[in-house]
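The values are calculated or read from the model by the stated rules, or taken from the named source; none is laboratory data. As the structure is a computational prediction, the values presented were derived from the model and not from experiment. Using ideal geometry, Cβ is built from the backbone for each residue, glycine included, and neighbour counts are taken over all protein chains shown.
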Amino acid sequence: MAAGVFASMAVKWALDKLSSLLAPAAASSSSPAVVWQGLEDLRKLERTMRRIQATLADAEEHWDVREESAKLRLRELRELAYGAEDVVEEYEYEVSRCRLGRSAASSSKRKRSEVNDEQCTEVGFVPVPNELAVRAGELVKRLDEMEVYQKYFSLSENDGERRIMPGIQSVRDTGCFVVEQSIVGRESDKQKVKQMLMSRQGSNVANQFSVLAIVGMGGLGKTTLAQLVYNDQTVSQSFDVRVWVYVSDHFDSKRLTKKIIVSITKESNGLSELADLQDMLAQEIMGKRLLLVLDDVWNERGDLWETFCRPFFAAQQCKVLVTTRNVAVAKLVQTMPHFTMDHLSPDECWILFERTVTAQQNVIPGNLVDIAKQIVEKCDRLPLAIKTLGSMLRYETDERRWIDVIESDLWDLDKAQNEVLPALELSYKNMPMHLKRCFLSLCLFPKDYLLDKSEVIELWQLLDILQGDERNNGDEIGSQCFDGLVERSFLQLSLNEVVMHDLIHDLACHLSGNEFFILEGNKPVKIPENARFMSIIDFHTSVQFSAPSHPLWAIVVFGEEHSEVSNPDILFLNCKNLRVLSLGGSNLGEALPRHISSLKLLRHLQGAENAPSGIYPLTNLQTIPDIEICRCGDSFNLIELRNLNQIKDQLTIRGLCNLSHVQDANQAQLVSKKNIQVLILDFNEVHCEHMLQQDFLMTEELDLTSTPEGRYENFQYEDMQQPKYVTVPHNQILETLRPHEGLRELEIYGYNCQSYPSWLGDASFSKLTYIVIISGTHKVSQQCVPTLGELPFLKHLTIRQMYYVEHIGREFCSHIAGSNCFPSLITLEFGSMRQWSKWFDVHDGDFPCLQSLVIRRCERLTTLPLDRFSSLHTLELTVCGVISIPTQPSLLQLSVFDCPELGAVDSMPELNILDIKGCPNLTAVGSLPKLKTLSADGTQEDATPHGQQPDHLPVLDTLWSIAMHTTIPASHNLEELAIVSCAGLSELPTLPSLLKLQITNCPDLSVVGSLPSLTTLSLWDSLPKDEVFYRLLNDHPTLSDITICSKTITKLSLQPPRLPSLKKLTLSCVNLQYCDGLAGLTCLDGIKISGCPKLRQQLQSPDVR
């Protein structure tokens, strides 16, 4: 069992907490005896936990535990570790409750006697509650019992001779010999590897030293493939010396060098120093051609590899073939791209099983064929598993025995335990501890589950496996761990999807024991007594417990299907020690409000639509769903956040416009929540279910159309209004919601006020890098932007929907005279500010790092202070009143859309990309000597560079022409051209460098010049004239990709001899009936035909392959 990796992690964290909790006790000397007794119980528990943690860590890192007595002892230690963690966290909760209560009393100026925390000592030490002291003592007593058991019940040398079982490394030592006739399905792999190995690819020309790595999961046949290559006659004749060395997980340069020398000389030597051994090896291979196979390499240290390789440069030629399970190892050693092995095909798996399970006839009895197919499927195309199960059933005719193999877990079968399990488990044992935890947790996903990287990382974060810091956040660490499992072949990439091999999943379940449990299916399930982590997937029935209190630590709901636990209240009543609750698609959220207050150890709550009321006791809570404030009586009250100071990462509060008491916001105490990185404050209206029901009922009651005429003739409109709901001005709310100064991202939505809080823009928020402010209100007649220029590290700023801002001046930058503002800002966006007409008072030195400026729907803005933005690279203007765009020396990309007042674009010496559409009054565009990509439409045809001579656009390589009427300029550099809806365009000039051409709705095109480099052609309705259409398709031998989408074409003629390079053909032509030449396109790698119903008959013809 390997689940001790989680127990050791849990007890280590608990130890750190306990040490800090006990620290205040050292300063106390006047507490009563009962207090000191509880303290002593915790100190004994602390010492016990240290011994447990050390034993569990050593067992996982350094021991291959086989004895049942040792496994039992480790299981008991694991349970003690979790029990100790529970005691420590419950005591931590009591300490937190006591101190927060005293703090609240102090802040409200109440007397200490009025606070219900009489047990708190003067120095801050909180006595241990009696119930926790008793549990701590019981844990220590259980450990003492284990020590007695080990003393009196462990076998010793006096009881007999100990039988030593060899480890997998000692029994697996491989050799170079192979019976090629017995190998199935690796001939093509052999040829590919041989070709790569014998090529000059990756070789150092001076000495012809090259390394090729074969990579794949355990049991896939890497060693077998290397043996096939090693013994190939062509390969063996190409080398003077061939050496096979089994490396394993211990990479010792001295030992390996000595083995190579012995293999070459067939004699042992007495040399003991690495330098002497390497000198001798260099002499032996001097001027010779050497083939070296290093089988089963695990080493990831570059210094060890470099030291080992030194003598091989003495050879005339040295080819090294390495087998490894780890892509990281392959990348370390390879001098050419590595070869990744795939699983056998289903047909090859069947052949291999037949050969293994039968005698020479290779025929399985008829009554066993269906069972045999299920067994092969169980092996999931892994050769080692197929051969292992096949050899178990060799000459076996008892059908019951075959059925047992299907119904049993692979690890319950003796031979599989001796062969398959060690081979796969070896990969696990060579992983670092943090990756072991990541791997084991994946058994919470069912088999064949498509693993989404973000979903997996989220699970690891919920289980607190990933520990980030200031430099590395959890997402980055999680991505590294995920990639690490892929590199080590625990996860496989398949068609851009990530899957876990069935046997690797079985390995995770086997190693995790009963700590991890999946709740699925439609039958009532009894949750295992020692399960700590449970996932729920497509579950639709009830749960049962053997005891009223269960140690379940985490519940996570996966899958797209909605899961229904028919007795959710029983689940919560029995699982009060939950740390993680991820509701996902389930009905658990309906029962949660009734039990949330009792889950006092809960750390992570997610998946609920919004945070339930009653969370105020959960002082350990770190992850919280969005908070919604409604006008109904069941709404969340911000006061509940007061003591939740462990909340981290993101906090979202919606419906702040419904807040009726500013004191509630003040009591939330956001400034004390130091771990919040992202804060989202939304003042827009939210409607809960209760409000919607009230609105519906009121609408029914006031439905005049359904009542007798005249019944409401005296009913006044005012009578229909609900009593006015008193709300607090937004600026008062925002002022009291001041966050901690460590905040990194701030988003404010629906803010409806003419002023801003004093803290917004304060330079003390030195970590704030990202701000979004979107007003979206029509309720004020005057607005201004906040002062944000003094924030030292603000990098991204978005301001939108401030409809009544008229001017932006120095108040946007700073109130301090002479200061340079926005020193770190990189991107700035303004949007939907329809009254904004002036932007002024931007000084030299402001915005020194600004690279991207986006302005959208600011119709009255006519000028921009572009000359102040010395680093600007990207400018986008959409629906703006700008009249001209002056020269901007640093600008690389300019996009202008629907700016009817724009008359001129000045010269841009560095501009690479110009996208300009919907500017009918544009009359002048300056010099653009470095323009590479141009996209333009017909509204500004006379002014854009579209019609300029090629020498005016010397480096243009991409042109998108939309609704233009002039000719396309001839250009020697143009590589990509798209012409769209150019009805008057009749001629396409010679374009010698053109690679990609798209023609859409250009029916008048009648002349096409030479396109000798064309590789990609896309044609869309309306298509060019027939002759031009035919020539485009068949006169360009370099074409590799053709796409045709048309509603009118009925016949397509392709000439295969004239399309020797065509690899991909895509057709979507609803009326297409014939495609001449389709059968002759034998070099196609892919053909996609969709929406061509009339073509189906031809495709089904035997002449079409």
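Computed values, structure above
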{"item": "Which listed residue, of Asn637, Asn620, is under 20 Å from Leu583 (Cα atoms), outside the structural domain of Trp759 (by TED's automatic domain parsing) and surrounded by fewer than 22 Cβ atoms within 10 Å (Cβ to Cβ)", "result": "Asn620"}
{"item": "Scan of region 652-670 for residues that are modelled with pLDDT under 95 and part of a helix (DSSP H, G or I), ordered by number", "result": "Leu656, Cys657, Asn658, Val662, Gln663, Asp664, Ala665, Asn666, Gln667"}
{"item": "Sole residue being surrounded by fewer than 19 Cβ atoms within 10 Å (Cβ to Cβ), assigned to a helix (DSSP H, G or I) and of a type in the set (Val, Ile, Thr), chosen from Val369, Val363", "result": "Val369"}
{"item": "Region 372-386, subset in a helix (DSSP H, G or I) and basic (Lys, Arg), residue modelled with the lowest pLDDT", "result": "Lys378"}
{"item": "Single match in Ile639, Ile629 (criterion: in contact with a Cys (Cβ under 9 Å, 6 or more places away or on another chain) and not charged (D, E, K, R))", "result": "Ile629"}
{"item": "Members of region 505-545 found to be aliphatic (A, V, I, L, M) and closer than 24 Å to Glu68 by Cα, listed by number", "result": "Leu507, Ala508, Leu511, Ala531"}
{"item": "Helices (runs of 4 or more DSSP H) contained entirely in region 185-279, each with at least 1 residues that are under 39 Å from the mean Cα position of the chain (by Cα), buried (at least 21 other Cβ atoms within 10 Å of the Cβ) and not hydroxyl-bearing (Ser, Thr, Tyr)", "result": "187-198, 222-230"}
{"item": "Number of positions in region 792-843 that are among the β-branched types (Val, Ile, Thr) and not in a loop (DSSP other than H, G, I, E, B)", "result": "4"}
{"item": "Positions within region 930-954 being part of a strand (DSSP E or B), modelled with pLDDT of 85 or more and not small (Gly, Ala, Ser), in sequence order", "result": "Thr933, Leu934"}
{"item": "Residue, modelled with the highest pLDDT, within region 327-361, restricted to residues that are among the polar types (S, T, N, Q) and more than 23 Å from Gly219 (Cα to Cα)", "result": "Thr335"}
{"item": "Residue count for region 235-266, restricted to those that are of a type in the set (Ser, Thr, Tyr) and in contact (Cβ under 8 Å) with a residue 60 or more places away in the chain", "result": "2"}
{"item": "Residue count for region 425-455, restricted to those that are touching a helix residue (DSSP H, G or I) at 6+ places or on another chain (Cβ under 8 Å), assigned to a helix (DSSP H, G or I) and under 17 Å from Phe6 (Cα atoms)", "result": "13"}
{"item": "Residue match in region 505-516 (condition: modelled with pLDDT of 90 or more and either part of a loop (DSSP other than H, G, I, E, B) or within 23 Å of Asp538 (Cα to Cα) (or both))", "result": "yes"}
{"item": "Tally, over region 258-273, of residues that are more than 20 Å from Arg242 (Cβ to Cβ) and not polar (S, T, N, Q)", "result": "3"}
{"item": "Pick from region 10-55, criterion modelled with pLDDT of 80 or more and touching a Lys or Arg at 6+ places or on another chain (Cβ under 8 Å), ranking: farthest from Lys429 (Cα to Cα)", "result": "Leu15"}
{"item": "Qualifying residue in region 549-570 (condition: hydroxyl-bearing (Ser, Thr, Tyr), in contact with a strand residue (DSSP E or B) (Cβ under 7 Å, 6 or more places away or on another chain), over 30 Å from Val376 (Cβ atoms) and in contact (Cβ under 8 Å) with a residue 24 or more places away in the chain)", "result": "yes"}
{"item": "Enumerated strands (runs of 3 or more DSSP E) restricted to region 955-1048, each holding at least 1 residues that are polar (S, T, N, Q) and either without any contact (Cβ under 8 Å) to a residue 12 or more places away in the chain or closer than 30 Å to Asp1085 by Cα (or both)", "result": "958-962, 996-1000, 1016-1020, 1041-1046"}
{"item": "Hits in region 623-634 - residues which are more than 17 Å from Ala665 (Cβ to Cβ) and buried (at least 20 other Cβ atoms within 10 Å of the Cβ)", "result": "Thr623"}
{"item": "Scan of region 372-405 for residues that are of a type in the set (Gly, Ala, Ser) and surrounded by fewer than 20 Cβ atoms within 10 Å (Cβ to Cβ), ordered by number", "result": "Ser391"}
{"item": "Residues of region 734-746 classified as closer than 18 Å to Gln783 by Cα and surrounded by fewer than 19 Cβ atoms within 10 Å (Cβ to Cβ), total", "result": "1"}
